[in-house]
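> Before I ask anything, here is the structure I am working with.
The values are calculated or read from the model by the stated rules, or taken from the named source; none is laboratory data. Being a predicted model, the structure only gives us computed values, none of them experimental. Here the Cβ is made from the backbone with ideal geometry for all residues, glycine too, and neighbour counts use every protein chain on show. Side chains are part of the model used for accessible areas, which takes the heavy atoms of the whole protein and leaves out ligands, DNA and RNA. Shrake-Rupley method; radii C 1.70, N 1.55, O 1.52, S 1.80 Å.
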Amino acid sequence: YVVVSADHPGTTVMDLVASFGDLTLPLVRRPATLRAAVDAVFAGAVPGLEPRPGSYAVVGHSLGALTAMVAGGGEISDARYTATCAGPTPPVACGLVGPIAFTEDLRSLLVPPDPRIVATVLQAPAGAFAFAPGTLAAVPN
């Protein structure tokens with residue numbers, strides 16, 4: 001197995017909780033960081049390592065699982081997130097991090113789903129309620 005662990009400075013859960021940070025930018029940056037790390041591995045950045053195509057899985061916990069869901073093709077709905085958080089019984093995540101508010105400029109920065117992902121292992125995905133209905137069917141499992 002080859003394990004690639006992407007670092008996400010400034011967009012960890014602890015960073016967001018400390019500042020009640022807006023979740024939008026991390027949802028743009030984190031999948032892009034993951035994609036760049038995996039692109040480097042597949043491009044030969046590690047001498048002697050030859051990853052096999054069709055053998056790429058993403059594992060994530062909490063915000064990492066949310067990142068994996070976006071990288072795999074799930075589409076976040078900021079309206080759904082906002083409506084759920086404004087509802088009578090908002091999920092715990094709503095009290096920990098700020099809103100999601102995609103502008104067209106930010107949405108244009110989202111990396112496309114990575115077709116090399118053949119599986120995702122999602123552990124307690126934070127904010128899973130924010131995905132538009134039906135879009136998680138595209139995420140490999």
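> For Cα pairs less than 8 Å apart in space and 6+ apart in sequence, what is the mean separation divided by the residue count of the chain, i.e. the relative contact order in percent?
About 36 percent, as a whole number.
> Based on alpha-carbon atoms only, what is the radius of gyration of the chain relative to the globular estimate 2.2 N^0.38 Å?
1.06
> What's the angle, to the nearest 10 degrees (0 to 90), between helix 24-42's Cα axis and the longest principal axis of the chain?
On a 0 to 90 degree scale, this one is about 10.
> Can I ask one more? How large a share of the accessible area of the range 51-141, in percent, is made up of carbon and sulfur atoms when the probe is 1.4 Å and the other protein chains stay in place?
Of the solvent-accessible surface of the range 51-141, carbon and sulfur hold 63 percent.
> Report the local net charge at residue 72: Lys and Arg +1, Asp and Glu -1, summed over other residues whose C-beta lies under 15 Å from its C-beta.
Value of the local net charge: +1.
> Between residue 56 and residues 5 or more places away or on another chain, which pairs have amide H atoms under 5 Å apart, with H built 1.01 Å from N, and which residues are they?
Under 5 Å from the amide H of residue 56: 118.
> Quick check: pseudo-label points 7 Å beyond the Cα along Cα→Cβ at residue 25 and residue 3, how many nm apart are they?
A separation of 3.0 nm, rounded to one decimal place.
> Separate question: Okay, helix-only estimate at 222 nm for the chain: each DSSP H run of n ≥ 4 adds -39500 (n - 2.57), divide by all residues, round to 500 deg cm²/dmol; what do you get?
Computed ellipticity for the chain at 222 nm equals -11000 deg cm²/dmol.
> Quickly work out the residue 43-to-residue 79 label distance, labels modelled 7 Å from Cα along the C-beta direction, and quote it in nm with one decimal.
The two pseudo-label positions are separated by 3.8 nm.
> Over the chain, average the accessible area per residue using a 1.4 Å probe and give it in Å², no decimals.
Ligands and nucleic acids excluded, the figure is 55 Å² per residue.
> Sticking with this structure for a sec: Can you list the residues of the range 94-113 with backbone N under 14 Å from a point 7 Å past the Cα of residue 132, pointing along Cα to Cβ?
102-104, 107-108, 110, 113
> Which residues make up the longest stretch of the chain that has no chymotrypsin sites (Phe, Trp or Tyr not before Pro) in a DSSP loop with at most 14 other Cβ atoms within 10 Å?
21-141
> What's the local net charge at residue 114, with K and R +1, D and E -1, over the other residues with C-beta under 12 Å away?
With Lys, Arg at +1 and Asp, Glu at -1, the neighbours total +1.
> Quick check: net charge around residue 2, other residues with Cβ under 13 Å of its Cβ, Lys/Arg +1 and Asp/Glu -1?
In short, +1.
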